[in-house]
Structures are given as C-alpha cells and as structure tokens.
Amino acid sequence: MLMTDTIENIDKILDVNKNGFSAEIAIVLGSGLSGLVSELDSAETIPYSAIPGLDLKSVKGHEGNFVLGSFRGINVLFLQGRPHWYQGASAKTFHIFLKSIQAFGCKEIIMTNAVGAIDSNIPVGSIVSITDHINLQFKNPLIDSDVDDYFLGMENAYDMDLRKKIRGLAERNKINLYDGVYLGTLGPCFETPAEIRAFRQLGAQVVGMSTIPEVITARYYGMRVAVLSLVSNLAAGCGDEELSHELTLSRVNMASGNMISLLRHYIYLALHTYNSEIEIQ
Ligand code: HPA
C-alpha cells in the first residue's frame, strides 16, 4: 500500500514528465560523478524540488536533479544527488524518491557512492561492488511510512545477477573491482578510529553515510539494485590524512575515470548482447 501523499507525488512526476520519457535503468550518481550527465543526448533536467517532498537541502557535490536522456541510443535516468538521513530526509522522502524513479519506468538501479576503506587491502581510488550491508544508521525507511509489508527479506538485496554482469564487464575491460560489505553510519561526522576498528571486527570492508535507505526502499518496491562504491580515502585511523568532505570530492574527481568507464559499459551492455566485444572508453 502506498501513502496518499506518495500517490500524489507520482501524479506530479507524471505531470513533470510531459514527454512521457521512460527508461529501464536508473543510475544514482554519488559525490563527484555528476559529470556523466554531459554524455547524454537530448538531456532534460527536472529538479527534485519539482516533486513535493523531494526538496533536498543541498550539500556541495550533491545536486538534486532527475536527468533524463539517451546514452548512445538507450534511455537512461540519472539521479544527480540523493536524500540523506543526516540532511533531515524522512522515511517518506526515500519512498517518494524511489517511487519517482519507478514512475519513469526503471526496473533496475545502479547506485554509486563514495566510501572510506576499512580493509587495508582496498586502496584509495578503487571501485568496490557491494555484496551486502550492515545498517548502523539505526533507522529504516519501512518505519513511519505506512508500508503494509514490514518484513522484507534482504538476502539478495545486492542483486547477484547484476553483480555478475558488472564483474564480467570489469574483467573484460581490465578494471580492478573489489567485493565488499558496506557499513552505513548516520553521519555527518566521520568515524573515530575506535569505531573503524570495531567495524572491521563486524566484517565491513567499507564505510559510508548513505545508500542503505535507498537500497531497502528500492527492494521494497521490487527493483533490482547494485551498488558501486568509489574509495575516496582510507577510513579514520587507517591513514594519516585528516578526513573532510573536500578530500572526498577531490579524490572522487581524481579517481572517477574507471567508475565512469564501468557505468558506460553497463549502459552499453543494455543495448548489446552480453558476449559481444565492446570497444568504448
Ligand atoms: N566515512 C564515511 N563516509 C565516507 C567516508 C568515510 O571515511 N569517505 C567517503 N564517505
């Protein structure tokens, strides 16, 4: 069951989407990855603020826009920016965000984000394909949102088939791809070294402040999800740098080449058969 508000918001997005744009794939562009939208043909930008309840307070590096367009012949919906609990997003915000994505026809979502590496084998600049998560945000978007099926199974939250496809593409294109468990904190401050030591004991390889609520909500609505994390720094206490949002952004900008290349290949794959030789950069 959907909240009445959410239904009104879907009507609103259908109004906003005057040309009836529809896409199979949605890609959430994390901090510093927004540049990919410049590769879309006939792109149209719709600010999240056009949808009641989706007016996100902006954080540097997180614009808030739906960008619709065609990428080498296939329609894609890019999401520039995402809601965060630490910015005051509520459970409802995540439902409106995901229902809006679904209203554009998308059945699968690739979410990207920036993370700190807890595992010392994962260097800065690497891409990590998230296999599972540990929710230490102590919040859940299925609470306070009028959902009628609270007890959502999370075994295949990070879709095995999508992950296999992504791994195949990475191998074929010689992009180093790690697997790892994402531990989500509420943020907005970075972790203490003691927290990171504890998170390592819990079995996490990377840490971030986002994504978990969108994954849960997307799964609630039956969408398939994969998450690719870009390692912007070693987690607190693992290196000698002082952590900051500026450091995250500058690192993501430096290291985004492989991520952008992997996403291009992923979209391209949607057009072509899995085994064909793909020669794009
Ligand atoms: N911790 C939490 N979130 C992050 C980090 C980090 O070290 N790096 C990028 N996002």
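The values are calculated or read from the model by the stated rules, or taken from the named source; none is laboratory data. Note that the coordinates shown come from a computational prediction; the quantities given were computed from them, not determined experimentally. Glycine gets a Cβ as well: all are built from the backbone with ideal geometry, and neighbour counts include every protein chain shown.
Here Ser210 meets each of (1) assigned to a loop (DSSP other than H, G, I, E, B); (2) more than 16 Å from the chain's Cα centre (by Cα) with one exception, condition (2).
Rundown of residues vs (1) part of a loop (DSSP other than H, G, I, E, B); (2) away from the ligand (no atom under 16 Å from the Cβ); (3) touching a strand residue (DSSP E or B) at 6+ places or on another chain (Cβ under 6 Å), yes/no style:
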| position | (1), (2), (3) |
| --- | --- |
| Glu155 | yes, yes, no |
| Leu169 | no, yes, no |
| Pro188 | yes, no, no |
| Glu195 | no, no, no |
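Exactly one of (1) within 13 Å of the ligand (Cβ to nearest atom); (2) surrounded by 14 or more Cβ atoms within 10 Å (Cβ to Cβ) is unmet by Ser244. Its number? Going through (1) within 13 Å of the ligand (Cβ to nearest atom); (2) surrounded by 14 or more Cβ atoms within 10 Å (Cβ to Cβ) one by one, Ser244 breaks only (2).
Conditions (1) assigned to a loop (DSSP other than H, G, I, E, B); (2) touching a Ser or Thr at 6+ places or on another chain (Cβ under 8 Å); (3) closer than 23 Å to Lys165 by Cα; (4) among the hydrophobic types (A, V, I, L, M, F, W, C), marked per residue:
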site	(1), (2), (3), (4)
Gly20	yes, no, no, no
Ala26	no, no, yes, yes
Leu36	no, no, yes, yes
Pro52	yes, no, no, no
Leu77	no, no, yes, yes
Tyr86	no, no, no, no
Met111	no, yes, yes, yes
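Given the condition of a type in the set (S, T, N, Q), surrounded by fewer than 23 Cβ atoms within 10 Å (Cβ to Cβ) and in contact with a strand residue (DSSP E or B) (Cβ under 7 Å, 6 or more places away or on another chain), answer yes or no: does some residue in the range 62-69 qualify? Yes, there is a match, as at least one residue in the range 62-69 is of a type in the set (S, T, N, Q), surrounded by fewer than 23 Cβ atoms within 10 Å (Cβ to Cβ) and in contact with a strand residue (DSSP E or B) (Cβ under 7 Å, 6 or more places away or on another chain).
For the range 9-33, a residue qualifies if it is more than 16 Å from the ligand (Cβ to nearest atom) and either on the phi > 0 side of the Ramachandran plot or within 18 Å of the chain's Cα centre (by Cα) (or both), and the qualifying residues are Gly20, Ala23, Glu24, Ile25, Ala26, Ile27. Only residues in the range 171-186 that are over 16 Å from Met209 (Cα atoms) count as the first member; pair them with residues that are more than 10 Å from the ligand (Cβ to nearest atom) and in a strand (DSSP E or B), Cβ under 6 angstrom, at least 6 apart or cross-chain, and list the lot. From the range 171-186, the pairs are Leu177/Ile127; Leu177/Ser129; Tyr178/Val128; Asp179/Ser129; Asp179/Thr131.
Among residues of the range 96-120 being within 16 Å of the ligand (Cβ to nearest atom) and surrounded by fewer than 24 Cβ atoms within 10 Å (Cβ to Cβ), the one that is modelled with the lowest pLDDT is Ser120. Filtering the range 213-227 to residues that are away from the ligand (no atom under 14 Å from the Cβ), part of a strand (DSSP E or B) and either at positive phi or not small (Gly, Ala, Ser) (or both) leaves Arg224, Val225. Residue-level analysis places Gly237 outside the set of residues that are outside any strand (DSSP E or B), surrounded by fewer than 17 Cβ atoms within 10 Å (Cβ to Cβ), more than 14 Å from the ligand (Cβ to nearest atom) and at positive phi. Please verify whether the range 187-210 includes one or more residues that are closer than 17 Å to Tyr86 by Cα, touching a Phe, Trp or Tyr at 6+ places or on another chain (Cβ under 7 Å) and surrounded by fewer than 14 Cβ atoms within 10 Å (Cβ to Cβ). Within the range 187-210, one or more residues are closer than 17 Å to Tyr86 by Cα, touching a Phe, Trp or Tyr at 6+ places or on another chain (Cβ under 7 Å) and surrounded by fewer than 14 Cβ atoms within 10 Å (Cβ to Cβ).
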